[in-house]
1. To the nearest 10 degrees, how steeply does helix 168-180 sit against the main Cα axis of the chain, on a 0 to 90 scale?
2. Quick one: which residues, 5+ away or cross-chain, put their amide H under 5 Å from the amide H of Val46? H built at 1.01 Å from N.
3. Suppose every Lys and Arg Cβ carries +1 and every Asp and Glu Cβ carries -1, with no other charges. What dipole size does segment 14-102 come out with about its Cα centre, to the nearest 20 debye?
4. Using Cα springs under 10 Å in a Gaussian network model of the chain, which residue among Asp112, Asp277, Asp225 shows the largest mean-square fluctuation?
5. Expressed in nm to one decimal, what extension gain is obtained for the pair Ser244 and Asp299 from 0.36 nm per residue of sequence separation less their Cα-Cα distance?
6. With charges only on Cβ, +1 for K and R and -1 for D and E, what is the dipole size of the chain about its Cα centre, in debye, rounded to 20?
7. Taking other Cβ within 10 Å of each residue's Cβ, how do Asp62, Asp73 sort, fewest first?
8. On a straight-distance basis, which aspartates and glutamates could pair with Lys273 in a cross-link, Cα separation under 15 angstrom, same-chain partners fewer than 8 positions away excluded?
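Any read-out appearing in this document is the output of simple, stated calculations on the displayed coordinates, not a laboratory observation. Bear in mind that the values here come from a model prediction, so they are computed numbers and not experimental data. Backbone-built Cβ (ideal geometry, glycine too); neighbour counts: all protein chains shown.
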Amino acid sequence: MTDIYAHDSNAAPDADFVVGELGHLVVGNRGRLLDARRTPIVITRVVEEVGAFEVEIRGFEDVGARWELPFEDVGDFQFARTSELAPDRLVTGFARAIERFDRPLDIECDPDVRRATLDRLAMERRRITEIVARFPSDRDVASCVAKREGDPRLFALLDDVLRDRGLAELERQFSRTFVSNPRSGETVKGHAIVLAELGLCPYRGKIVRDPKVFAGAYGKDRRADHLLVRMAFSQELWARSGHSTLMLYRGAATDGPLPAPRPSSFVSVTLSKAVADAHFAGGPKTQVAVLWRQAVPIDRLVMSFLETRAMNEQFKEAEAVLIADPANRAF
């Protein structure tokens, strides 16, 4: 992973740690994410009211980022054997919070709503076409993919479009959260619920924990506007570059058997095989690794690194985000 991602060649062995349990949810406890790099973290907040804990990333590209995760995800981390443990009364409260919030929510897609949404998207694409057409079409897309760098002129153009529509802050929150960790907080979950209500992809997830998810500027109507404007912009941009499909890649590695795919409304992919290869390489504990490739129509595209500022900051992954296809296990 050296060429694409930072790593610690002197990381402590797993034997120095234990898999996370609710008792480890104590502010100040240090641990590691059970990923190939064993990304170091420290717990910075525990919020029983919404059944979540916050960690700060302490190493690699995303250092300083803060993720808010549900209590039930504590098993995705490992902690030092000498870690402080929460008292039993708090652990009991954490377990009760899981019972309140670790509940499924399924939202089916309405075909009539989907048709109306696609009409809205077509209208947005016509509007965006006029804007994108004013932008010089002199970029070398293949070179951007090879360098894993987008075009700053496009960042600025997208900023202008979103600012004019009153969507700049929503874009900032959604894109930065997605790049760092889509499961952090409920920003991406809110978009996924709205995506289902627009008829574009069924929602298979958990109930909303935070009543403020759809408040004010983050209301469902504003989220719907953001999704459609972003899809229109990215799709028109790639269409103007001569693409009706994109060759996309994904790679994954696990320390045990390959798990069943987790239901998702959005799929993170890359246009760079080198990035997928880095994920495929895994780490010293890897038992199973897989590499996927598929040509995907641009009408599933939500956003890409070419125009998205957040995808060109701490990570250089030539990333794209797709609307998930429940019938497609890879893409």
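1. 50
2. For Val46, whose amide H was placed from the backbone, the distant partners under 5 Å are Glu54.
3. 260
4. Between Asp112, Asp277, Asp225, it is Asp112 that shows the largest mean-square fluctuation.
5. 19.0 nm
6. On the way: 47 positive and 50 negative charges, 86 e Å.
So the magnitude is around 420 debye.
7. Asp73, Asp62
8. Within reach: Asp3, Glu149, Glu317, Glu319.
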